[in-house]
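One structure is given here, and the rest of the page talks about it.
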Amino acid sequence: MDKTEKKRRILKITGLIVAAAGLAAAIAGFADMGVSVANGSFPRLFFLLIIGLPCLAIGGMIAMFGFRAGLIKSAVRDITPAVKELTEAVSPFAEEPVEILCPRCKAVNRSDSVFCYKCGAALCRTCPECGKTAEPEDEYCTRCGRKL
């Protein structure tokens, strides 16, 4: 058992003990309050509520820190196969960036370019009839058929 696992184990045990003590004190305080109210007297063990409830909360938090790593590892172990399967299913549909070849100087430009970075020529044209963007090598519009 490594140091980290020992620390987690100590947190788990300590947290559970503090929480159990807090729960016992809170129960005793509530019970005394119920009996005192029924008898019409002042509760003698009210301080156990004041001590017990915070101990219950603090013990729960300490234990949670001890169990948290195990829960996270378990969740990751359970989710990883689904994420891997989803990634494999989606990867064929992922688009790779398209590069545009300049019709004038044949330089390779980024897909979002409108003009060639090397010679300044327009990389795409717009059909004057329908407004569709055409590729530089297109001679006719692919939407309406007009000569570009």
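The values are calculated or read from the model by the stated rules, or taken from the named source; none is laboratory data. Just so it is clear, the structure is predicted and the values come from calculations on it, not from any experiment. Glycine gets a Cβ as well: all are built from the backbone with ideal geometry, and neighbour counts include every protein chain shown.
A few remarks follow.
- Filtered residues of the stretch 109-148 (kept if of a type in the set (K, R) and farther than 15 Å from V98 by Cα): K118, R125, K132, R143, R146, K147
- Boolean, K132 is modelled with pLDDT of 80 or more and either out of contact with any Phe, Trp or Tyr (no Cβ under 9 Å at 6 or more places or on another chain) or not basic (K, R) (or both): yes
- With respect to the conditions (1) in the same structural domain as V18 (by TED's automatic domain parsing); (2) farther than 30 Å from A20 by Cα; (3) among the hydrophobic types (A, V, I, L, M, F, W, C), L123 falls short on a single one, namely (1).
- Residue in the stretch 44-64 that is at negative phi and not in a helix (DSSP H, G or I) present: yes
- Among residues that are small (G, A, S) and under 30 Å from G29 (Cα atoms), A122 is not included.
- Residues that are modelled with pLDDT of 85 or more and over 16 Å from the mean Cα position of the chain (by Cα), drawn from the stretch 65-83: F65, G66, F67, R68, P81
- Flag if D32 is over 34 Å from the mean Cα position of the chain (by Cα) and charged (D, E, K, R): yes
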